[in-house]
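Taken together, the values in this text are just the output of simple stated rules run on the coordinates, not laboratory data. These figures come from a predicted structure and were not determined experimentally. Every residue, glycine among them, receives a Cβ derived from its backbone with ideal geometry; neighbour counts consider all protein chains shown.
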Amino acid sequence: MISFLPIGGGNEIGANSYFINFNGNGIILDCGIHPQKTGLESLPDFDLITDKSVDYCLISHAHQDHIGALPFLVKKIPYVKIITTPQTRALAELTLHNSVSILKKEIVEPGFEFYSHDEVDLLIKMIDYKENKNKFELNSYHQLKDSQVNCTFFDAGHILGSAGVLLENNNYKIFYTGDINLTAQTIQPPAQLPETKIDTLILETTYGATDSDLYLDWNSESFRFAKEANKILNSGGSILIPVFSLGKMQELLATIWLLMQKRKLTTVDIYTGGIGTKINLAYDYNRFVVNRVDEDLELNAIPQKDYYKISNPEEFFKNPCIVLASSGMMIKGTSSFTFTKSWIKQKDSAIFTVGYMDTNTPGYVIANSECGDKIQLTEYDEPTEVKCKINNFKFSAHARREDLLKIVDKLKPDNVILTHGDEDAIGWMGAAILKKNKNIKVYTAITGKEIIV
Ligand SMILES: [Zn+2]
C-alpha cells in the first residue's frame with residue numbers, strides 16, 4: 001500500500017515536501033521553505049506527520065523551496081536519515097549557512113526557532129550521499145518482511161546535483177521527478193529518466209499553464225538576448241539581470257561569456273557577487289564527475305568583478321557593464337532589489353529579467369512594466385517612473401509542458417500525482433494526460449490531503 005501526503009507545496013510552488021508510506025517505510029521527499037513567506041508560515045506543516053513513522057528524507061536538489069526546511073525537520077525528528085546526491089550535499093552546506101544570516105533578520109515568533117551555523121554543520125555531517133544511477137537500500141526501523149525499498153537517483157537536468165528519485169519495492173516503482181528539465185541549458189544537459197515502466201509518477205508541473213510556443217530553446221533565446229543587450233551596451237548603457245544565486249547565475253554567466261567569446265555580444269565587465277560566486281566554485285569542482293554540456297567550461301576562469309566591492313551603484317553607469325545580481329525575484333533587501341532603484345532612473349540602461357517571477361514580488365512588478373510607467377516596488381516604496389528599458393527573456397530550468405507529457409509517455413505510469421504548480425498548471429496537465437491516456441489515474445497533490453494508490 002502506498003499513501004502519499006503532501007505536507008507542503010501541494011497545489012503551489014512553495015514549501016515542497018511530501019510524506020510517503022511505501023509498504024511500511026516512512027519517506028519524506030524534499031523539505032522546502034516557502035521563499036515568499038516568513039516564520040512558521042514558510043515551513044511545511046510538520047504537524048501532519050506527528051503520528052507517522054518517518055525513516056528517511058530524500059532531497060531532490062538544493063533550491064530553498066526543496067531543502068530550506070531541513071534544519072527544522074531535524075529539530076522535530078532528530079533520527080531521520082537524510083540522503084542526497086554529493087553535489088546537493090555540497091550546495092546545501094553553502095546555502096543553509098547563508099540562510100542562517102537571512103533568517104536572523106526575521107521577526108521571532110513562538111514555535112519558530114532559528115537554527116545556528118553549528119546546527120548546519122551537524123546537519124551536513126548527517127547527510128549521506130549517493131551518486132546518480134547507483135541503486136541503494138533504504139533500511140527502515142519498522143521494516144516488515146519483503147518491504148525493503150531500493151532507491152536510485154537520476155540526473156534531473158535542472159541545476160547541479162538535481163535528481164529524480166526512483167523508489168522500488170517488490171517490483172512496484174514510484175518515480176518522483178523533483179524539478180526536471182528535458183532540454184539542455186548552457187551548463188546543464190537534459191534530464192535522464194529510468195528505463196523502466198513506473199507504477200506511480202509524482203510529476204512537477206511548473207510550466208503546465210505556460211504556452212510552450214512562447215519559449216525558444218536556450219540557444220535561440222541566447223541570440224535574442226545578445227541582440228537586445230548589444231543595443232544597450234553599444235549606446236553606453238548597463239544591464240542589470242536579477243538571477244537566483246543557485247542555477248540561474250551560473251547558467252547566465254556561462255551563456256554571456258560564450259556569447260562574448262563568439263563575438264555575438266559586446267565584451268564588457270561582468271559583475272557577480274555573494275553566495276553565487278561560491279556556488280560557481282561548486283559547479284567547477286564537480287564538472288568532471290557530473291553530466292555537463294562542456295566539462296572544460298570553468299566559471300571561476302571567467303573574468304568577473306565583485307559587486308559587493310561597489311560602494312555607490314552610480315559606478316555601474318560610468319562604463320557599460322552587465323550585473324548578475326541575486327535575488328532572482330528582486331526580493332526586498334537583496335542586491336538586485338537595491339540596484340533596481342538606481343537602474344530605473346537611467347534612461348540608457350536596462351533591466352533584463354530571465355525567469356519566473358511570483359506575482360507578489362518586486363521582480364514581477366519590474367517584468368510587467370515598461371519605460372514611462374509609474375511603479376511601486378513594494379507597498380513601502382514611493383511610486384517611481386521607470387526610465388530604463390525592461391526586457392523579459394525566458395531561460396527556463398524547468399521542462400515545458402509538452403516535455404512533461406513526454407515523461408508520462410515514456411514511463412507509462414498507472415497513476416500520476418501532479419505537484420509543484422498552480423491550479424491552472426495542474427488543470428492543464430491533468431486534462432492533457434487524460435486526453436492521451438484514459439486509463440491513467442491522475443491525482444492532484446493538495447497539502448494535508450492523503451492520496452492512497
Ligand atoms: Zn528548483
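Starting from one equal scatterer on each C-alpha and no solvent at all, send me the Debye-based log10 I(q)/I(0) for segment 217-392 at q = 0.12, 0.16, 0.18 Å⁻¹, two decimals. After summing over all Cα pairs, the log10 values are -0.52, -0.94, -1.19.
Within the same chain, lysines fewer than 8 places from residue 441 are excluded, and of the rest, those with a Cα less than 17 Å from its Cα are 173, 197, 406, 410, 412, 449. Label positions at residue 211 and residue 381, each projected 7 Å from the Cα along the C-beta direction, are separated by 2.9 nm.
At a Förster radius of 30 Å, what calculated FRET efficiency corresponds to the Cβ-Cβ distance of residue 126 and residue 147, to the nearest 0.05? Rounded to the nearest 0.05, the efficiency is 0.80. The mean sequence distance of close C-alpha pairs (under 8 Å, at least 6 residues apart), as a share of the length of the chain, puts its relative contact order at 18 percent.
Rg and Dmax of the chain, both derived from C-alpha coordinates alone, stand at 21.9, 71 Å.
Contour minus end-to-end for residue 278 and residue 412, with contour as 0.36 nm per residue of separation and end-to-end as the Cα-Cα distance?
Numbers: separation 134, 0.36 × 134 = 48.24 nm, distance 4.01 nm.
Taking residue 278 through residue 412 to full extension adds about 44.2 nm, to one decimal.
Please report the antiparallel percentage of DSSP beta bridges with both residues in the chain, rounded to the nearest 5. Provide the component values of the computation, followed by the final result.
Numbers: 30 of 67 bridges.
Within the chain, antiparallel bridges account for around 45 percent of the total.
Which of 299, 258, 325 sits closest to the plus end of the dipole of segment 250-335, meaning its Cα is farthest towards the positive end, when Lys and Arg get +1 and Asp and Glu get -1 on the C-beta? Of the options given, the answer is 325. For the pairs 231/318; 278/394; 75/394, flag any whose C-alpha to C-alpha distance is greater than 28 Å. Those over the limit are 75/394. In summary, the aspartates and glutamates within cross-link reach of residue 52, defined as a Cα separation below 18 angstrom excluding same-chain residues under 8 places away, comprise 30, 450.
Taking R0 as 45 Å, what FRET efficiency do you get between residue 184 and residue 435 from their Cβ-Cβ distance, rounded to the nearest 0.05? List each step's numbers first, then the result.
Details: r = 28 Å, r/R0 = 0.63.
Between residue 184 and residue 435 the formula returns 0.95.
Here the peptides 210-218, 184-192, 366-374 are ranked by packing, the mean other Cβ count within 10 Å, and the order with the highest first is 184-192, 366-374, 210-218. To the nearest ten degrees, helix 218-234 and the longest principal axis of the Cα atoms of the chain are 20 degrees apart.
For an R0 of 45 angstrom, estimate the FRET efficiency from the Cβ-Cβ distance between residue 295 and residue 374 and round to the nearest 0.05. Mind dumping the intermediate values first?
Working: r = 48 Å, r/R0 = 1.07.
Here the calculated transfer efficiency is 0.40.
If the chain linking residue 315 and residue 234 were pulled fully straight, counting 0.36 nm for each residue of separation and taking away their Cα-Cα distance, it would gain 27.4 nm. Ranked by the mean number of other Cβ atoms within 10 Å of their residues, highest first, the peptides 54-64, 238-248, 399-409 fall in the order 238-248, 54-64, 399-409.
Based on DSSP H runs of at least 4 residues, each adding -39500 (n - 2.57), what is the mean residue ellipticity at 222 nm of the chain after dividing by all its residues, to the nearest 500 deg cm²/dmol?
-8000 deg cm²/dmol
For the chain, the longest principal axis of the C-alpha atoms and the axis of helix 275-285 are separated by about 60°.
Among residues other than residue 89 whose Cβ falls under 12 Å from its Cβ, what is the net charge (Lys/Arg +1, Asp/Glu -1)? Before the final figure, lay out the partial values.
Details: positive: 125, 130; negative: 93, 128, 131.
Residues near residue 89 contribute -1 overall.
Seen against the Cα atoms of the chain and their longest principal axis, helix 248-261 is set at about 50 degrees.
With only Lys, Arg, Asp and Glu charged, each at its Cβ (+1 for the first two, -1 for the last two), find how big the charge dipole of the chain is about the Cα centre; round to the nearest 20 debye. Each step should come with its number before you reach the end.
Values: 46 positive and 56 negative charges, 189 e Å.
With only Lys, Arg, Asp and Glu charged at Cβ, the dipole is about 900 debye.
State log₁₀ I(q)/I(0) for segment 256-310 at q = 0.24, 0.29 Å⁻¹ as given by the Debye formula over alpha-carbon point scatterers of equal weight, solvent excluded. Cα-only, vacuum Debye calculation for segment 256-310: -1.03, -1.16.
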